[in-house]
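The values are calculated or read from the model by the stated rules, or taken from the named source; none is laboratory data. Keep in mind that this is a model prediction, so the values were computed, not measured. Cβ sites come from the backbone with ideal geometry, for glycine too, and all protein chains shown count toward neighbours. With ligands, DNA and RNA removed, areas are computed over all heavy atoms of the protein, side chains included. Shrake-Rupley method; radii C 1.70, N 1.55, O 1.52, S 1.80 Å.
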Amino acid sequence: MLLAALGSAAAGLVALLFLQRLLRPFFWDDVRYYRRLRTAGRAIRSRMKTGVITFVDRFVEQARRSPDKPFIIHEGQVLTYRGADERSNRVAQTLRSRSGLSRGDTAALLMSNEPDVVCVWFGLCKLGCQVAFFNSNTRARALLHCLRSCGARALVVGADLVHLLEEVLLSPQEDRMELWVVDTSTSLKGVNALLEKLDSVSVEPLPMHESSSVNILSNFLFIFTSGTTGLPKAARISHLKGVMSMCFLRMCGATENDRVYITLPLYHMSASLLGIGGCIELGATCILKKKFSASQFWKDCEKYNVTVFQYIGELCRYLVSQPEQVPKESSHSVRLAVGSGLRPDVWRDFKKRFKKIQICESYGLTEVNIGFLNYTGKIGPIGRASYFNKLSVPFELLKYNPLTYEPIRTDSGRCVKVSKGETGILIAPVSAANPFLGYAGNTSMSEKKLLRDVFQEGDLYFNTGDLMLQDHQDFLYFRDRIGDTFRWKGENVATTEVSEVLGSVDFLQDVNVYGVTIPGYEGRAGMAAIVLRSDQMLDGKKLYSQLEQHLPAYSWPWFLRVQTSLRMTETFRQQKMKLVEEGFCPTVVRDPLYFLDATEKDYVPLTKTMYDRIVSGKIRL
């Protein structure tokens, strides 16, 4: 009788497991991931009780724990955890004695990828400064705008970008600030050479560095994002977000024994907070590359024994598009690729070609703590929205007006959630665990990102501006980004900034910039509908020169559409949707079309033959 009872119980358990696999196939994946989240949270809280509160506190702790372990390897240079700690102490000592910077001030950092980015960053933090990361592609007016918006008291520039200081040196007297170049000397008047003074100061930490006095919700960094204002916005990053970001690599499955290859620019949150921060959290080693190279990628992976690399979608597409490199593609030790923006077709091609590499796709925002991770390996989704995950990362998807992209509200003024399988605007509640500190110097834009009285009176949500879909298995899919931006070459492009640069060309009367899709490419390529001034002709070479002087290459319009007038709404806003839908096909668009010929530095007429070569991949953008 006992055996019969045991048999029945076993049969029932098998049937239960079968139903679970059939109806909830990812249940145990969700449970394991939720447990990792909880464990990470407990570890952070436990460290805070001992005084390890901030991002830099965690780095100092790891430097004491594993002082001789390689922290950053860059072009043959090896910087240990102790070496980086001591060098950042020297930076702090130098700036304390030779600059006017003090605790609470903001210092801007404009550098290409190199170990001293991290050392200067941490040195400024040890001095008690807030650090503003500047895009190394920033030019002219945008650079001055960034400096003013974050209230920078000092600007530290890498030796290879020192030419960008000319704009600052020529600016009005009230915009003057301390200028430093990370070099042993400089001939520029009014600019200090940081490395010249480093060897003469102590490697000891500053006595005034008291991490226990830091408010975890206070500002840690400024990271600039593109937006509808046309110029970059300085998003405030809290210490809490910095610390939470450090858990990313661990959540993806990386360990302290991994060697993480970072080719993304450190002024992006992905590389700095998730990448460098992830290595620090684990005590792992970072292989830092100045700039991504598809032809050199696998050679570097083999040379440096890389086991994990960070990507954006474009990076993986470049690797898939490269001629097969035998045996480099198979002799490396890479087991894990982590990142975001990987298109499903590229994902499939990547998985087919590089079989032994696991992909861990994710989604995150600079401004707030919301983020998702696809830990199942299923191709396509950016993450999961299971019951367990929503306990840690609450969010909602709202119905929206397809013309205005504004959330739809009922007669009572409340927003409406979408059903599963329906695309909606992603929003997240603003709370102590998910603060939104806003954009520096831009109160109106900060307010525009907030939704009030969403489901009940008094509630407050952050509007991500991203369109998402949750399917019936609770997978989340990224659908589009709304607003006057488009993403190209892994960068967000503000259409109004491009429009303003084009609008200053004397033969153009009106400009409308937008993004268009091209088969085989991630994101959208820039395109501009333009209206020529009366009795003026299009001068492609002059237009190219204007773009080259004032904008980074990824934001240049690849296509021009010459119109007699621009389409406007009844509220005098430029209409983009129809232009986006029509794209750049000569058989669809009856207006004259032009294509950017980079070799000739000119815009040339776009023919049907040229169009076919572009969409087939024979002409590469």
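Restricted to region 498-523, and to residues there that are over 21 Å from the mean Cα position of the chain (by Cα) and among the small types (Gly, Ala, Ser), the residue that is most open to solvent (accessible area, probe 1.4 Å) is Ser504. You will find that of Gln473, Gln575, the residue that is modelled with pLDDT of 85 or more and out of contact with any His (no Cβ under 7 Å at 6 or more places or on another chain) is Gln473 and no other. In the set (1) at pLDDT 90 or above; (2) over 23 Å from Val78 (Cβ atoms); (3) among the hydrophobic types (A, V, I, L, M, F, W, C), the condition left unmet by Val326 is number (1). Close Cβ contacts (under 6 Å, 6 or more residues apart or on different chains) running from residues in region 313-328 that are open to solvent by less than 70 Å² (accessible area, probe 1.4 Å) to residues that are outside any helix (DSSP H, G or I) and basic (Lys, Arg) comprise Gly313/Arg343; Glu314/Lys489.
Pull up region 476-488, narrow it to residues that are modelled with pLDDT under 85 and touching a Leu at 6+ places or on another chain (Cβ under 9 Å), then point me to the one that is least open to solvent (accessible area, probe 1.4 Å). Working first, answer last.
In the first step, residues of region 476-488 are kept if they are modelled with pLDDT under 85; the result is 479-487.
Narrowing the set further to residues that are touching a Leu at 6+ places or on another chain (Cβ under 9 Å) leaves 479-482.
Working: Arg479: 120, Asp480: 50, Arg481: 75, Ile482: 30 Å².
My answer is Ile482.
For Tyr387, the test of being open to solvent by 60 Å² or more (accessible area, probe 1.4 Å) and over 22 Å from Gly313 (Cβ atoms) is passed.
Go over the candidates Thr607, Thr564 one by one and state the one that is among the hydroxyl-bearing types (Ser, Thr, Tyr) and closer than 23 Å to Tyr521 by Cα. I'd like the intermediate steps shown before the answer.
Working: Thr564 fails: closer than 23 Å to Tyr521 by Cα.
So the residue among Thr607, Thr564 that is among the hydroxyl-bearing types (Ser, Thr, Tyr) and closer than 23 Å to Tyr521 by Cα is Thr607.
Within region 389-406, the set of residues being touching a Lys or Arg at 6+ places or on another chain (Cβ under 9 Å) and modelled with pLDDT under 95 comprises Ser392 only.
Take the conditions in contact (Cβ under 8 Å) with a residue 24 or more places away in the chain, assigned to a loop (DSSP other than H, G, I, E, B) and either among the polar types (S, T, N, Q) or open to solvent by less than 10 Å² (accessible area, probe 1.4 Å) (or both) and apply them to Val338. Does it pass? Even if it seems obvious, please write down each step before you answer.
Working: in contact (Cβ under 8 Å) with a residue 24 or more places away in the chain: yes; assigned to a loop (DSSP other than H, G, I, E, B): no; either among the polar types (S, T, N, Q) or open to solvent by less than 10 Å² (accessible area, probe 1.4 Å) (or both): yes.
No: the conditions fail for Val338.
Taking the numbered list (1) open to solvent by less than 10 Å² (accessible area, probe 1.4 Å); (2) touching a residue at least 60 places away in the same chain (Cβ under 8 Å) in turn, Lys541 passes all entries but (1).
Per-residue answers, yes or no, for (1) surrounded by 24 or more Cβ atoms within 10 Å (Cβ to Cβ); (2) among the polar types (S, T, N, Q):
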{"site": "Leu231", "(1), (2)": "no, no"}
{"site": "Ser245", "(1), (2)": "yes, yes"}
{"site": "Met269", "(1), (2)": "yes, no"}
{"site": "Gly283", "(1), (2)": "no, no"}
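If you check Thr443 against the conditions, is it at pLDDT below 85 and farther than 19 Å from Asp345 by Cβ?
It is false that Thr443 is at pLDDT below 85 and farther than 19 Å from Asp345 by Cβ.
Within region 586-614, which residues are open to solvent by 40 Å² or more (accessible area, probe 1.4 Å) and hydrophobic (A, V, I, L, M, F, W, C)? Once the filter is applied, which keeps residues that are open to solvent by 40 Å² or more (accessible area, probe 1.4 Å) and hydrophobic (A, V, I, L, M, F, W, C), region 586-614 yields Val588, Ala598, Met610.
If I filter region 343-360 for residues that are part of a strand (DSSP E or B), free of Cβ contacts under 8 Å to residues at least 60 places away in the same chain and buried (at least 16 other Cβ atoms within 10 Å of the Cβ), do I get at least one hit? Before the answer, list the steps.
Initially, region 343-360 is screened for residues part of a strand (DSSP E or B), giving 358-360.
Within this subset, residues satisfying the condition of being free of Cβ contacts under 8 Å to residues at least 60 places away in the same chain are 359.
From the residues that got through so far, the ones that are buried (at least 16 other Cβ atoms within 10 Å of the Cβ) too are 359.
Within region 343-360, one or more residues are part of a strand (DSSP E or B), free of Cβ contacts under 8 Å to residues at least 60 places away in the same chain and buried (at least 16 other Cβ atoms within 10 Å of the Cβ).
Evaluated against (1) among the small types (Gly, Ala, Ser); (2) crowded, with 17+ Cβ neighbours inside 10 Å; (3) at pLDDT 90 or above, Ser412 falls short on exactly one condition, (2). Checked against the criteria, Tyr521 counts as hydroxyl-bearing (Ser, Thr, Tyr) and within 18 Å of Glu582 (Cα to Cα).
For region 140-170, a tally of residues being open to solvent by 20 Å² or more (accessible area, probe 1.4 Å), without any contact (Cβ under 8 Å) to a residue 40 or more places away in the chain and either among the aromatic types (Phe, Trp, Tyr) or assigned to a helix (DSSP H, G or I) (or both) returns 7. Of Gly526, Gly583, all but one fail to be surrounded by 14 or more Cβ atoms within 10 Å (Cβ to Cβ), of a type outside the set (A, V, I, L, M, F, W, C) and touching a Pro at 6+ places or on another chain (Cβ under 6 Å); the exception is Gly526.
Of everything listed in (1) over 23 Å from Arg45 (Cα atoms); (2) crowded, with 23+ Cβ neighbours inside 10 Å, the single unmet condition for Leu273 is (1). Filter region 26-47 for residues that are within 27 Å of the chain's Cα centre (by Cα) and not charged (D, E, K, R) and give the result. Passing the criteria: Tyr33, Tyr34, Leu37, Thr39, Ala40, Gly41, Ala43, Ile44.
Within region 434-475, the set of residues being of a type in the set (Phe, Trp, Tyr) and either more than 17 Å from Tyr363 (Cα to Cα) or free of Cβ contacts under 8 Å to residues at least 40 places away in the same chain (or both) comprises Phe436, Tyr439, Phe455, Tyr461.
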